[in-house]
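Right, one structure below, let's go through it.
The values are calculated or read from the model by the stated rules, or taken from the named source; none is laboratory data. All values derive from a computational prediction rather than experimental measurement. Cβ sites come from the backbone with ideal geometry, for glycine too, and all protein chains shown count toward neighbours.
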Amino acid sequence: MPDIIQLLPDNIANQIAAGEVIQRPASAVKELLENAVDAGATEIKLFINDAGKSLIQVIDNGKGMSDTDARMAFERHATSKISNIEDLFRIKTMGFRGEALASIAAVAQVALKTKRAEDETGTFIEIENSKVLRQEPIASANGTSIAMKNVFFNVPARRNFLKSNAAEMRHIVDEFIRVAMAFPEVLFSLTSNGQQVFYLERGSLKQRIVQLLGANYNARLVTVQEKTDYLNIYGFIGKPETAKKTRGDQYFFVNNRFIKSGYLNHAVSGAYHDLLAPDSFATYVLFIDLDPAQIDINVHPTKQEIKFEDEKIVYAFVQAAIKHALAQFSITPTLEFDLDPTIQQLDAVNKPFTTDKQQAATASDIFKNFTQKHQAHFTEADKKNAFQHWRNPAENKADEERQFSSLLDQVRKEENTDTLHFAPAGTSSPVLPDSPLLQLHSSFIVATLRNGFMVIYQQHAHERILYEQFIAATEGKPMATQRSLFPVTLQFTPQDAVLLQELLPDLQLLGFLIESFGANSFVIQGTPADVLQGNEKAAIENLLEQFKHYSSDVKFSSREKVIRSLVMQQSIKAGQRLTEKEMKILVSNLFECRQPNATASGHPTYAVFENDYLFKLFGK
Ligand code: ADP
Ligand code: MG
């Protein structure tokens, strides 16, 4: 028998390695932007075509590469950023693994142009499938331009895995924002299919945040600034009124690197304590700088998760810093009395943090709460309640009217037409025809059955009804649209604009007539019949927020998410008083549903009390 083991050819090995680093166009965007930052660029321009599927190009004015380095850069494990293992613990750059360019060259067609200031001419390299096709000197500006074309052209399985352009573009915008946020001293621009999406002038961190997250944050940010020997925390947190129903605007950077940390997120939300409505999320952009030796960023190829040498200390610092900031700006006068005395004792906020103090701190009470290693799981608990707030009565009158007008419309129709006739209960309804309905506590409807009675929870019932109507709409029974008399043009943040674009086809089936108008604006030509005119903006923003709620939920299709979001938005809430007629229609519509007994997410819509049971209660 011959021996069977052989070494993989370089291009295959690189392709396999690329799987970890370049999962989608957005991962390449992140790597290329970070390389430009590492090269000391003060201007970084990103060009995207077809959501990165046909082109991703980054042009920077950084230090450029020599012709040999330009060739070397595409080798696996080729980096100028570390040279020995100790360097790993002093990392000051964004990159260091030397894998990005090799991975990109393994799965795309790449053209590199680069020139150092000290060189007369620049270098041009064309490379695909890890093979150099061309290398020659050319005239070029100082800096580097890398164009990456037709990502995964040679790995069809991965190319097929890419999502819709809108979805991939959303990932790209996310990555762009994360890098741009961390380097406000660098000018960034993003151009997609020839259209400028972002142009971010150099400025302060606060200006950058407002550029990226929207002008409504302008007067609503509180400065966080704490310096200690152990670490520095700085950045901005949103005043409680900026809290959102989704985790959207939450950014943590450790040594300028965007990270995801449920654990630190918990520290921030804990600091807000009861300043936030349940199930709403504080906005924050926080930077933690500490000795690179105190962290391990090497735990994940895309470097989004890091290990802290001592995460409990970081947790306590973050929480103390946020509490301090909130108190200082007297977001609430009562907060001072709520400050945890153990935190005040910690002096984390304004005294140097020596090794002694560090020990004292770890011994103190505050840490007793944080002794479990994986505190991040903690955040799972509040996810379950994510929809709690939808059970609360609508917050303002306009909302109430809007949620309710579809039922009112039907009532009106019934009053105005002889032909349209609602039987008090459909044939399938167990409710006794012509029996009165009673509303209790503006939330429950009591109905008489042949053999007992039924309590219907009005909100759940309406959710079921809307859900089936919307499903029917997407299956060919489009919802009625009311054309706006005066079409409004709405401006969205680039992130929301990309998302909205993605949802347009489904929204159209559901009665929204929205047209893209370029540069993040949309013209609202019409809305579902039950959205109040003049309320379009709120309705659509609210819908996007709802949608983001579900966005981590992989089990739903995007269409299902849109439908569920609309249901949540438009359903009658508990606390809404109903007329007799409205109750009749609600009950009748409920029992015309295919599955009247529960909402789409499985909450019961009614409970039945049979006579047998009732008699038994009284010993009969
Ligand atoms: P890493 O960033 O981890 O070092 P990369 O594969 O991303 O690995 O890049 C390899 C090397 O190529 C870098 O270490 C750097 O020396 C060089 N390089 C990459 N992009 C640029 C750029 N835009 N400007 C200057 N040098 C660059
Ligand atoms: Mg890199």
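Within the stretch 455-491, the set of residues being hydrophobic (A, V, I, L, M, F, W, C), within 27 Å of Asn597 (Cβ to Cβ) and crowded, with 18+ Cβ neighbours inside 10 Å comprises Ile456, Ala461, Ile465, Leu466, Phe470, Ala473, Met479. Across the stretch 28-58, what is the number of residues that are closer than 20 Å to Ala102 by Cβ and within 12 Å of ligand 1 (Cβ to nearest atom)? Of the residues in the stretch 28-58, 13 are closer than 20 Å to Ala102 by Cβ and within 12 Å of ligand 1 (Cβ to nearest atom). Number of residues in the stretch 34-76 that are farther than 21 Å from Gly203 by Cβ and away from ligand 2 (no atom under 12 Å from the Cβ): the value is 23. Scanning the stretch 59-115 for residues that are within 7 Å of ligand 1 (Cβ to nearest atom), in contact with a Gly (Cβ under 7 Å, 6 or more places away or on another chain) and either of a type in the set (Val, Ile, Thr) or at pLDDT 95 or above (or both) yields Asp60, Gly62, Lys63, Gly64, Thr79, Thr114. Residues of the stretch 561-620 being polar (S, T, N, Q) and either in a strand (DSSP E or B) or more than 17 Å from Ser443 (Cβ to Cβ) (or both), which ones? Residues satisfying the conditions are Ser565, Gln569, Gln570, Ser588, Asn589, Gln595, Asn597, Ser601, Asn611.
Just checking, does the stretch 581-603 include any residue being surrounded by fewer than 21 Cβ atoms within 10 Å (Cβ to Cβ), of a type in the set (A, V, I, L, M, F, W, C) and farther than 25 Å from Asp434 by Cβ? Yes; the residues of the stretch 581-603 include at least one that is surrounded by fewer than 21 Cβ atoms within 10 Å (Cβ to Cβ), of a type in the set (A, V, I, L, M, F, W, C) and farther than 25 Å from Asp434 by Cβ. One residue stands out in the stretch 79-101 among those that are within 10 Å of ligand 2 (Cβ to nearest atom) and hydrophobic (A, V, I, L, M, F, W, C): the one that is nearest to Ile146 (Cα to Cα), namely Leu101.
Every residue, every condition in (1) surrounded by fewer than 20 Cβ atoms within 10 Å (Cβ to Cβ); (2) among the polar types (S, T, N, Q), yes or no:
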position	(1), (2)
Ile209	no, no
Gly214	yes, no
Thr223	yes, yes
Asn232	yes, yes
Phe236	no, no
Glu241	yes, no
Tyr251	no, no
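For the residues Ile540, Ile465, the requirement of being part of a helix (DSSP H, G or I), closer than 30 Å to Tyr613 by Cβ and among the hydrophobic types (A, V, I, L, M, F, W, C) singles out Ile465. Remark: Glu475 falls outside the filter, which requires a residue to be within 22 Å of Ser571 (Cα to Cα) and touching a residue at least 12 places away in the same chain (Cβ under 8 Å).
For the stretch 12-32, a residue qualifies if it is more than 13 Å from ligand 2 (Cβ to nearest atom), surrounded by 17 or more Cβ atoms within 10 Å (Cβ to Cβ) and of a type outside the set (D, E, K, R), and the qualifying residues are Asn14, Gln15, Ala17, Ala18, Pro25, Ala26.
When we screen Phe253, Phe258, Phe287 for residues that are under 15 Å from the mean Cα position of the chain (by Cα) and among the aromatic types (Phe, Trp, Tyr), the only hit is Phe258.
Keeping to the stretch 214-255, report how many residues are at pLDDT 90 or above and part of a helix (DSSP H, G or I). Number satisfying all stated conditions: 0.
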